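Structure record follows, encoded as structure tokens.
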Amino acid sequence: MTTTANWEEPTRAPLVTSCKQAARLVSISFERRLSLREWFSMRAHLLMCKTCTFYGRQIKALCAIFARHEEVLANTPASVDEKLDDKVRQRIKDAMGHCA
Amino acid sequence: MSVPAPDNNYPLRLSPADTWVDQHGDYLFRYAMMRLRDRELAENLVQETLLAALKGRGSFGGRSSERTWMVGILKHKIIDHYRKDFRERPVTDLQTVEEQTVDQFYDAVGNPRQYPRDWMPDPQAVLNAKEFWTILRGCMEKLPKTTSAAFAMRELDAMETPLICKELGISPTNLWVMLHRARLQLRACLEKNWFGEKK
């Protein structure tokens, strides 16, 4: 079932696609404009398939959230495993002291 | 950021070594940990970043905040690291491996093995939920190194595809397949560990 096809070029997407092909088209649509045929093929599948509609919406929403992660880093406190420990903190200060 | 005015309690002017590590160290470290899965590596890159900033501080024009400037330096160091990772890996089999992983999510006729459930992330809730980012980090760690690097550049840093391909020396198709696989896997992992529970 593995198809190592070129994803950059529009393919002759069938009018009735599987969930697998539909998800692939959703991903491609983030990177380039789908051809009319691809777009139609994706829409037709999403129209019929509730779970792929969930999939498409979730992926899109997650991408929007990921893109805002720097806000989170700036606004939420870091957990312990995301903090420099004191030894390293001192090591960096020492190294900077030598450099200055 | 202005240099604190010298006052009597501090006979010597504070040097960057004293202030930068405490002011920006944790942020830079956290930023690096989001993109690398290796504590030691993240620590080293933070150190290199601060040293580079110290050396280059004469050329820092103050057009952006001090922190933004340092994040820019760190970003380059992380990309340098990704580049090395990709160079050590035969890129020819990359696409095959990634497509095989994509196949694992589906049966022979292309139906998902696990049908996506009905949930929608609430951006405001997610952005404030610390555990969400911990879980996301855990999910990213389950991706192969190269895949999570590509994902981080595209989705976290919003880099343009051609630039990522150039930096990593891969074709757009290679990159897109990796991103597709990362999306499938991260979505499923988040559904299982975060959104599933919340429902």
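The values are calculated or read from the model by the stated rules, or taken from the named source; none is laboratory data. Keep in mind that what you see is a predicted model, and the values were worked out from it rather than measured. All Cβ positions, even for glycine, are placed from backbone atoms using ideal geometry, and neighbour counts span all protein chains on display.
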Test result for B:Thr161, without any contact (Cβ under 8 Å) to a residue 12 or more places away in the chain, surrounded by fewer than 19 Cβ atoms within 10 Å (Cβ to Cβ), among the polar types (S, T, N, Q) and not assigned by TED's automatic domain parsing to the domain that holds B:Asp80 = no
Checked against (1) in the same structural domain as B:Leu143 (by TED's automatic domain parsing); (2) under 27 Å from B:Leu175 (Cβ atoms); (3) touching a helix residue (DSSP H, G or I) at 6+ places or on another chain (Cβ under 9 Å), B:His81 satisfies every condition except (1)
Taking the stretch A:63-80 as the search range and keeping residues that are facing another protein chain (nearest Cβ under 7 Å) and of a type in the set (S, T, N, Q), which one is nearest to the chain's Cα centre (by Cα)?
-> A:Thr76
Counted residues, the stretch B:163-187 - those being hydroxyl-bearing (Ser, Thr, Tyr) and not in a helix (DSSP H, G or I) = 1
Only listed residue being within 30 Å of B:Gly58 (Cα to Cα) and more than 8 Å from chain B (Cβ to nearest Cβ), chosen from A:Lys60, A:Lys93, A:Lys87, A:Lys83 | A:Lys87
If you go through A:Thr51, A:Thr4, the only one that is facing chain B (nearest Cβ under 10 Å) and modelled with pLDDT under 85 is A:Thr4
Is it the case that B:Leu184 is surrounded by fewer than 20 Cβ atoms within 10 Å (Cβ to Cβ) and within 12 Å of another protein chain (Cβ to nearest Cβ)?
-> no
Taking the stretch B:38-82 and the residues there that are in contact (Cβ under 8 Å) with a residue 60 or more places away in the chain and within 12 Å of another protein chain (Cβ to nearest Cβ), the one that is nearest to A:Arg91 (Cα to Cα) would be B:Lys75
Can you find even one residue in the stretch B:75-92 that is touching a Ser or Thr at 6+ places or on another chain (Cβ under 7 Å) and either aliphatic (A, V, I, L, M) or assigned to a loop (DSSP other than H, G, I, E, B) (or both)?
-> yes
Every residue from the stretch B:107-133 that is over 13 Å from B:Phe195 (Cβ atoms) and hydrophobic (A, V, I, L, M, F, W, C) = B:Ala108, B:Val109, B:Leu127, B:Trp133
Any idea which of A:Arg33, A:Arg91 is under 30 Å from B:Asp157 (Cβ atoms) and assigned to a helix (DSSP H, G or I)?
-> A:Arg91
Selection status of B:Leu94, among the aliphatic types (A, V, I, L, M), farther than 23 Å from A:Phe66 by Cα and in the same structural domain as B:Pro172 (by TED's automatic domain parsing) | yes
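Conditions tested, residue by residue: (1) at pLDDT below 90; (2) in the same structural domain as B:Ile135 (by TED's automatic domain parsing); (3) surrounded by 19 or more Cβ atoms within 10 Å (Cβ to Cβ); (4) small (Gly, Ala, Ser).
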{"position": "B:Asn9", "(1), (2), (3), (4)": "yes, no, no, no"}
{"position": "B:Ala32", "(1), (2), (3), (4)": "no, no, yes, yes"}
{"position": "B:Arg39", "(1), (2), (3), (4)": "no, no, no, no"}
{"position": "B:Ala52", "(1), (2), (3), (4)": "no, no, no, yes"}
{"position": "B:Gly62", "(1), (2), (3), (4)": "yes, no, no, yes"}
{"position": "B:Thr68", "(1), (2), (3), (4)": "no, no, no, no"}
{"position": "B:Gly72", "(1), (2), (3), (4)": "no, no, no, yes"}
{"position": "B:Lys75", "(1), (2), (3), (4)": "no, no, no, no"}
{"position": "B:Asp103", "(1), (2), (3), (4)": "no, yes, no, no"}
In the set B:Leu168, B:Leu136, the lone residue that is at the interface with chain A (Cβ under 10 Å from one of its Cβ atoms) and either under 22 Å from B:Trp194 (Cβ atoms) or under 17 Å from the mean Cα position of the chain (by Cα) (or both) is B:Leu136
